[in-house]
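Worksheet: one structure, shown below.
Each reported figure results from applying straightforward, stated rules to the coordinates on display, with no laboratory input. None of the values given here were measured: they were computed from a predicted structure. FYI the Cβ positions are ideal-geometry reconstructions off the backbone, even for glycines, and counts take in every protein chain you see.
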Amino acid sequence: MKKTIMILMGVAIVLMLTACGGVKNDSPMDAAETFMKSMVEGDSELNAEINHSNPLSFPPQYMIEKANEQGLVDKKLKDITFEEHESDSNIIVVSWENVEGETKDWELVFIKEKEGYFFKELN
């Protein structure tokens, strides 16, 4: 009986740790991919996790609306290019083509915090 309880507790702990994996943000590039994933999926909860900008400047819901305006929502991450800025590795330039065929790009600025890199602002 004790063995069964221990096994069940072990499984429960593994499931809890898996569910609490958090955002992928070990580097500015990882954080940019997570940030853009939140944008294309229209996921304001994920955006709120990776978005540590000034709440009055780039709040998650505003960013999702901006993504919608720019033709990002419902795109695939593979449709977006990610490049490190030539002079600052904390800036990731993301580019995509909108429905009119125009190339759009954003310079995403990330900051290093104890838990990883987080979105700070658009340049």
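What is the magnitude of the charge dipole of region 24-122 about its Cα centre, with +1 placed on the Cβ of each Lys and Arg, -1 on the Cβ of each Asp and Glu, and no other charges, expressed in debye to the nearest 20?
Here region 24-122 has a charge dipole of around 200 debye.
If I model a spin label at GLU121 and GLN70 as a point 7 Å from the Cα along the Cα→Cβ vector, what separation in nanometres do I get?
Output for this residue pair reads 1.6 nm.
Report, in listed order, any pair from LYS76/LYS114; LYS78/LYS104; LYS66/LYS114; LYS76/LYS112; LYS75/LYS104 with a Cα-Cα distance greater than 24 Å.
Working: LYS76/LYS114 30 Å; LYS78/LYS104 15 Å; LYS66/LYS114 28 Å; LYS76/LYS112 27 Å; LYS75/LYS104 13 Å.
Beyond 24 Å: LYS76/LYS114; LYS66/LYS114; LYS76/LYS112.
For region 24-122, what does the alpha-carbon gyration tensor say about shape, rounded, prolate or oblate, given a ≥ b ≥ c as the root eigenvalues, a/c under 1.5 as rounded, and a/b over b/c as prolate? Before the final figure, lay out each step's value.
Numbers: a/c = 1.72, a/b = 1.25, b/c = 1.38.
Cα axes put region 24-122 in the oblate bin.
Taking 35 Å as R0, compute the FRET efficiency from the Cβ-Cβ separation of GLU100 and ASP26 and round it to 0.05.
According to the calculation, E is roughly 0.50.
Evaluate the distance, in nm, between pseudo-label points positioned 7 Å from the Cα of LEU77 and of ASP43 along their respective Cα→Cβ axes.
0.8
Can you tell me, using C-alpha contacts under 8 Å and at least 6 residues apart, the relative contact order of region 24-122 as a whole percent? It would help to have the intermediate numbers written out before the result.
Values: 175 pairs, mean separation 30.0, N = 99.
Relative CO of region 24-122 lands at 30 percent.
Relative contact order for region 18-78: what is it in percent, counting Cα pairs under 8 Å that are at least 6 residues apart? Display every interim value, and only then the final one.
Numbers: 59 pairs, mean separation 20.0, N = 61.
It comes to 33 percent, rounded to a whole number.
Sorted from fewest to most neighbouring beta carbons within 10 Å, what does the list LYS37, LYS112 look like?
The fewest-first ordering by Cβ neighbours comes to LYS112, LYS37.
Relative to the present Cα-Cα distance, how much length would full extension add between LEU56 and ASN90 at 0.36 nm per residue of separation?
Values: separation 34, 0.36 × 34 = 12.24 nm, distance 2.16 nm.
Contour length minus the Cα-Cα distance gives 10.1 nm.
Reachable aspartates and glutamates from LYS120, Cα under 13 Å, same-chain residues fewer than 8 places away excluded?
By straight Cα distance, LYS120 reaches GLU49, GLU107.
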